[in-house]
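Please treat every number below as a calculation from the coordinates, not as lab data. Here the structure is a predicted model, which means the values were calculated and not measured. Note that each Cβ is placed from the backbone with ideal geometry, even for glycine, and that neighbours are counted across all protein chains shown.
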Amino acid sequence: MNYFKHPTAIVESKNIGKGSKIWHFVHIREHSVIGQNCNIGKSAYVDTGVKIGDNVKIQNFVSIYQGVEIENDVFVGPSAVFTNDLYPRAFIWVEDRVIPTIVKKGSSIGSNATIICGVTVGEYALVGAGSVVTKDVPPFALVLGNPARLKGFVCYCGKKMNTVIDDREEKVVYKCECGKIIDIKKEWIYNA
């Protein structure tokens, strides 16, 4: 075994990446994939068939259900939940009700956020704590509330960008206080 597993964790998958850490009372179901150098916090649940990339940090009490794919370098805050059925009924459960959800590279999901199935959370986006995401989140977007709404854009460093250095027909160019320059496509703004 080339990863750490706390004695109380239940790991049914054989696809756990090198250097990952699985903590107290975590349950990882069969056929799920956990990348390298991931950290899965206390009492997290990873359902069958879930795909988690490299360097992902999943905090305590997170629930990730079948149909969810989380790419590399994603942060998922405590008690966040990912759903997988738009019309759940206890007496109607078949695999074809699962609706895929994708969380793209470098994004962050705040604590107690709920991600409704069928959405894509874009690269380096930031979902605020307690938000309910019901539609796609553009790359670098900051979304907050219930339902989550676009409140601006964030840098790679995670801070909200407020300085526009260029506004063109197709994109807005922001400069972050950290010095990075980020191009935001106007279609992301209008379609959010």
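Summary table below
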quantity: Fluctuation leader among I165, I22, I181 - the chain, Gaussian network, Cα springs under 10 angstrom; calculated: I165
quantity: Ranked list, fewest to most other Cβ atoms within 10 Å of each Cβ, for K186, K51; calculated: K186, K51
quantity: Label-point gap, in nm, between T163 and K14 - each point 7 angstrom along Cα→Cβ; calculated: 5.4 nm
quantity: Magnitude of the charge dipole, region 1-131, Cβ model with Lys/Arg +1 and Asp/Glu -1, debye to 20; calculated: 340 debye
quantity: Alpha carbon Rg of region 4-156, scaled by the compact-globule rule 2.2 N^0.38 Å; calculated: 0.98
quantity: Net charge of neighbours whose Cβ lies under 13 Å from the Cβ of N2, counting Lys and Arg as +1 and Asp and Glu as -1; calculated: +4
quantity: Estimated distance in nm for a label pair at F91 and A129, the labels positioned 7 Å out from Cα along Cα-to-Cβ; calculated: 4.1 nm
quantity: For F4, F82, F61, order by how many other beta-carbon atoms lie within 10 Å, fewest first; calculated: F4, F61, F82
quantity: Over 20 Å between alpha carbons, listed pairs K151/K175; K42/K135; K18/K159; K5/K42; K57/K185; K135/K175; calculated: K42/K135; K18/K159; K57/K185; K135/K175
quantity: Relative packing of 34-41, 144-151, which averages over residues the other C-beta atoms within 10 Å, highest first; calculated: 34-41, 144-151
quantity: Whichever aspartates and glutamates have a C-alpha closer than 15 Å to that of K51, once near sequence neighbours (fewer than 8 apart) are set aside; calculated: E12, E30, E69, E71, D73
quantity: Gain upon complete extension [Y156, E187; 0.36 nm per residue less C-alpha separation]; calculated: 9.2 nm
quantity: Loop-exposed GluC sites (Glu not before Pro) per DSSP, neighbour cap 10 Cβ within 10 angstrom, longest uninterrupted part of the chain; calculated: 1-168
